């Protein structure tokens, strides 16, 4: 019922969003004669605020069509390498007409960027991708909104997330692959690599874990506390709803994106209120350019665009990661097999945390080093980014100027120890993808 009421509200607000958006554009456009009217900026700012508060935020585009690589501008195109009901594996294919540059592009390290499945679309990592694609052959897990997945596709569990990452690693070739997980996927990705090591499979050359709840007992944040404050039945009763008519996933049980967004905002309401207040003032001043109002709109276009998560996956995550701390305690079973991170011996581990992270507390990611005690000390690295919050770990100026260079250097260090190879992708057989390696 709540989901249907939400959709009804969105439908009723759509006409207002269109009207206020149109008026805002007319009054804010410096070429428009109406922009010269008295109070045009004030009225335009008000209309812009109403437009952004009432509009529907769809999944944004990555919008990366070119980058600077090896001193030359090269073209970038998105290619879906593997299309599955709940996830698309997307490659950011780079190309150049210069044969020398093209050869260098083919020899760049291959990176699998594991995006969070925790409310926002993978495009929230746009800045991460934009940095990585300069120097790497980049693949991203682009998760599908559960409301768009038919019920006939079955449910999606935390175990399924683990198996999805394993399929991607096998497809891309573990021996030449560097895996980077941001926030939520640090747990299932570490689990995926652990299980591969246990099975005697080749594991990725490096594994970088950024701001994730490997051990949520350490320095618990408000997110961690909420998970332990209520029994699992509370989350199922209060947060799980069925997708209404009008979507391909009609009838699927999900944790709706709009509820997740409400939870995100409620964690820092004062910060969001201040951001919108500043935005309104910038509009009145007529501020243009990369900063100010434009920066606000870019950020909140991504922040407000949320997706539904399959109910079973969400409940599994709450129980396994935030209530039982199963990975950290050594009690996590994936489809009946115990996850043993100590089995990893050849993959270099790099953990990165933000000093001011209010989502994943300091020490939660670093805990991976204790669990992966089979990895030699010289293959382990940890960085605590001073003055950096959760989003600053993977986006923004500090990511680009301070953190990314360290990630790049870590990948290059361990890539240099690998035998020369090409990054031309060859699809494996279906039996191999199914895990019969």
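Quick notes on this structure:
- Failed criterion for residue 217 (all others in (1) buried (at least 20 other Cβ atoms within 10 Å of the Cβ); (2) under 20 Å from residue 333 (Cβ atoms); (3) modelled with pLDDT of 95 or more hold): (1)
- With respect to (1) assigned to a loop (DSSP other than H, G, I, E, B); (2) modelled with pLDDT under 95, the lone exception for residue 331 is condition (2).
- Single condition residue 62 does not satisfy, out of (1) farther than 26 Å from residue 13 by Cβ; (2) part of a helix (DSSP H, G or I); (3) in contact with a strand residue (DSSP E or B) (Cβ under 7 Å, 6 or more places away or on another chain): (2)
- Residues of segment 3-45 that turn out to be touching a helix residue (DSSP H, G or I) at 6+ places or on another chain (Cβ under 8 Å), in contact (Cβ under 8 Å) with a residue 60 or more places away in the chain and either surrounded by fewer than 16 Cβ atoms within 10 Å (Cβ to Cβ) or farther than 30 Å from residue 308 by Cβ (or both), as a count: 5
- Test: residue 327 is surrounded by 22 or more Cβ atoms within 10 Å (Cβ to Cβ), in the same structural domain as residue 46 (by TED's automatic domain parsing) and either within 19 Å of the chain's Cα centre (by Cα) or touching a residue at least 60 places away in the same chain (Cβ under 8 Å) (or both): no
- When residues of segment 368-390 are limited to those that are within 22 Å of residue 227 (Cα to Cα) and surrounded by fewer than 22 Cβ atoms within 10 Å (Cβ to Cβ), the one nearest to the chain's Cα centre (by Cα): 390
- In segment 98-124, the residue that is surrounded by the most Cβ atoms within 10 Å (Cβ to Cβ) out of those that are touching a helix residue (DSSP H, G or I) at 6+ places or on another chain (Cβ under 9 Å) and part of a helix (DSSP H, G or I) is 122.
- The criterion of at least 2 residues that are under 17 Å from residue 371 (Cβ atoms) and in contact (Cβ under 8 Å) with a residue 24 or more places away in the chain is met, among helices (runs of 4 or more DSSP H) falling completely within segment 165-250, by 186-198.
The values are calculated or read from the model by the stated rules, or taken from the named source; none is laboratory data. Being a predicted model, the structure only gives us computed values, none of them experimental. All Cβ positions, glycine included, derive from the backbone under ideal geometry; neighbour counts span all protein chains shown.
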